[in-house]
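Down below is the structure, laid out as structure tokens.
The values are calculated or read from the model by the stated rules, or taken from the named source; none is laboratory data. Quick caveat, the model's predicted, so the values are computed rather than measured. For neighbour counting, all protein chains shown are included, and Cβ atoms are generated from backbone atoms with ideal geometry for every residue, glycine included.
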Amino acid sequence: MSDGGGVGGGGGAGGGGVAGGGRSGNGASDDTGAILIGAEELAALLASDRGPRVRVLDVRWKLGGPPGLPLYREGHIPGARYVDLDTQLARHGEKTEGRHPVPAIDALQTAARSLGIADGDTVVVYDDLANLSSSRAWWLLRSAGVSDVRLLDGALKAWLAAGFELETGDPVAAGEGSVTLAYGALPWLDIDAAAEFGRSGVLLDARAPERFRGEVEPIDPRAGHIPGARSAPATGNVGADGRFLSPSELRARFEAVGARQDAPVGVYCGSGVTAAADAVALTIAGFEPRVFPGSWSAWSNTDREVATGE
């Protein structure tokens, strides 16, 4: 089965596994320490003058709005820089590329440097939606070679629940960073490879079940799913507190829809945002995810076959 190529910005697929090691945000011991960070640990890192420099990114975004910047101004983690998902973590492209095509690598590098990121930094990303949007930043930066990118487990809600304060106001100039980026650290799927995963592999759909079944389609041209795909909504990866389920719970969840740890797992969503959240959860659980960035918004803008129902 083809692995597919990289898309957008001259990025190739390829690269091996993804970072692991450590503990999960909910106390389970498994491959999550290099992916998740708790609020208390983040606060300690920000207060320390030892260890790697920490850059915190606020990636609040919701499909259809409201914009994240006003929310950032109302209150954000002290020192966090605001990231515009639509303009800094995506680019405008043809409809057949989907609603959030992967940005060209030079554009992503410019954005990362404008956020003050340098080689060797620890980057922590968060949102206010159980990391459904900030996972896009995790996946893109990891794909581009930033080795230490972590999600604030439980997102902004966890920071507030731990009793930590927010600061208000406009983003403060971060100073120019010097990070050098190149796609290839994580493998992706192009549209042909996604079709092949649907036919002869495991391809997961991270959207809401009713969109998967084709009962509703609020934004893309056609309703349904890629033939052979299986429903695995990204909202099911977290508990009521917004923290990721334990590695064993996530492993059981994905095994129930056919994922195996001895083979890569394809994943898509509407436009390559919540697919990244499934990719995070798959990685925590010990699987090798491969995101199809164009996702349903790319597929449904072609004449390719569409499936409906379960």
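In the set Arg207, Arg199, which member is of a type in the set (Lys, Arg), modelled with pLDDT of 95 or more and over 25 Å from Asp58 (Cα atoms)? Let's see the steps before the verdict.
Details: Arg207 fails: over 25 Å from Asp58 (Cα atoms).
None of the others qualify; the one that does is Arg199.
Among the listed residues Leu245, Leu186, Leu204, which satisfies the condition of being out of contact with any Asp or Glu (no Cβ under 8 Å at 6 or more places or on another chain), at negative phi and surrounded by 22 or more Cβ atoms within 10 Å (Cβ to Cβ)?
Working: Leu245 fails: surrounded by 22 or more Cβ atoms within 10 Å (Cβ to Cβ); Leu204 fails: out of contact with any Asp or Glu (no Cβ under 8 Å at 6 or more places or on another chain).
Only one candidate passes the filter, namely Leu186.
When residues of region 148-171 are filtered for being loosely packed, with under 15 Cβ neighbours inside 10 Å and either at pLDDT 95 or above or within 20 Å of the chain's Cα centre (by Cα) (or both), how many remain?
We begin by selecting, within region 148-171, every residue loosely packed, with under 15 Cβ neighbours inside 10 Å; these are 161-163, 165-170.
Still in the list and also either at pLDDT 95 or above or within 20 Å of the chain's Cα centre (by Cα) (or both): 161-163, 165-169.
Of the residues in that region, 8 qualify.
Just to be sure, is Ala173 assigned by TED's automatic domain parsing to the domain that holds Ala104 and farther than 16 Å from Ser300 by Cα?
Values: assigned by TED's automatic domain parsing to the domain that holds Ala104: no; farther than 16 Å from Ser300 by Cα: yes.
Here the answer is no, as Ala173 does not meet what is asked.
All but one of (1) in contact with a Gly (Cβ under 7 Å, 6 or more places away or on another chain); (2) aromatic (Phe, Trp, Tyr); (3) in a loop (DSSP other than H, G, I, E, B) hold for Trp296; which doesn't?
Only one criterion is unmet by Trp296, namely (3).
Residues that are assigned to a loop (DSSP other than H, G, I, E, B), under 22 Å from the mean Cα position of the chain (by Cα) and farther than 26 Å from Gly98 by Cα: does region 178-185 have at least one?
Filtering region 178-185 down to residues assigned to a loop (DSSP other than H, G, I, E, B) leaves 178-185.
Narrowing further to those that are under 22 Å from the mean Cα position of the chain (by Cα): 179-185.
Filter once more, keeping what is farther than 26 Å from Gly98 by Cα: 179-180.
Yes.
For Pro52, state whether it is within 17 Å of the chain's Cα centre (by Cα) and either at pLDDT below 90 or under 30 Å from Glu196 (Cα atoms) (or both). Step through it out loud before you land on a result.
Working: within 17 Å of the chain's Cα centre (by Cα): no; either at pLDDT below 90 or under 30 Å from Glu196 (Cα atoms) (or both): yes.
In short, no.
Residues that are touching a residue at least 40 places away in the same chain (Cβ under 8 Å) and under 22 Å from Leu36 (Cβ atoms): does region 90-107 have at least one?
no
In the list Ala182, Ala137, which residue meets the criterion of being farther than 24 Å from Ala44 by Cα and not assigned by TED's automatic domain parsing to the domain that holds Pro233?
Matching residue, one of Ala182, Ala137: Ala182.
Could you look through region 77-131, keep only residues that are of a type in the set (Val, Ile, Thr) and in a loop (DSSP other than H, G, I, E, B), and pick out the one that is nearest to Arg55 (Cα to Cα)?
Just the residues of region 77-131 that are of a type in the set (Val, Ile, Thr), to begin with: 77, 83, 87, 96, 102, 105, 110, 117, 122-125.
From the residues that got through so far, the ones that are in a loop (DSSP other than H, G, I, E, B) too are 77, 83, 102, 117.
Numbers: Ile77: 11, Val83: 12, Val102: 22, Ile117: 7 Å.
Residue satisfying both the conditions and the ranking: Ile117.
For every residue, the table says whether it meets (1) part of a loop (DSSP other than H, G, I, E, B); (2) more than 20 Å from the chain's Cα centre (by Cα).
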| position | (1), (2) |
| --- | --- |
| Glu215 | yes, yes |
| Ala223 | yes, yes |
| Pro227 | yes, yes |
| Gly236 | no, no |
| Asp241 | yes, no |
| Glu249 | no, no |
| Ala252 | no, yes |
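Given the residues Ala307, Ala285, which is the only one that is within 22 Å of Ala34 (Cα to Cα) and touching a residue at least 12 places away in the same chain (Cβ under 8 Å)?
Matching residue, one of Ala307, Ala285: Ala285.
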